[in-house]
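Asker: Let me begin by handing over the structure; questions about it come next.
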Amino acid sequence: MSNPDPTEPHRRPGGLVRGFLRLIVEVDESRRWTHRLRAALLLVLLLAGIGLLGYWVPEMIERQLH
C-alpha cells in the first residue's frame, strides 16, 4: 500500500453543485458590483437553461411517442 504524499496539496471536491453554490454566494457577498452582476447573470442563465431543458426534453419525448 502506498501512502499519499504529504507534500502534495489536497484536492478539494468540485462539480456542478459546488459551482452553483459559489455563484449564489458570490451574488450575495462579493465586494465588487461587477462580480455580483456577472454571478447573477450566470445564475439566471443557468436556471433558465435548466428550466428550458425541463420543458423541452419531456416535450420531445412525448412527440416521439405519438
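Asker: How would you rank 27-39, 51-63, highest first, on the average number of other Cβ atoms within 10 Å across their residues? Can you show the working numbers first?
Answerer: Working: 27-39: 12.2, 51-63: 9.7.
Highest mean packing first, the order is 27-39, 51-63.
Asker: Could I ask something else about it? Residue by residue, what Karplus-based ³J(HN,Hα) values in Hz, rounded to whole numbers, does the range 46-55 have, using 6.51, -1.76 and 1.60 with θ = phi - 60° and x for Gly and Pro?
Answerer: 5, 5, 5, x, 5, x, 5, 5, x, 8
Rule-based calculations on the coordinates, nothing more; no lab input. Quantities reported herein were computed from a predicted structural model and do not represent experimental measurements. Please note: Cβ atoms are built from the backbone with ideal geometry, for glycine as well, and neighbour counts cover all protein chains shown.
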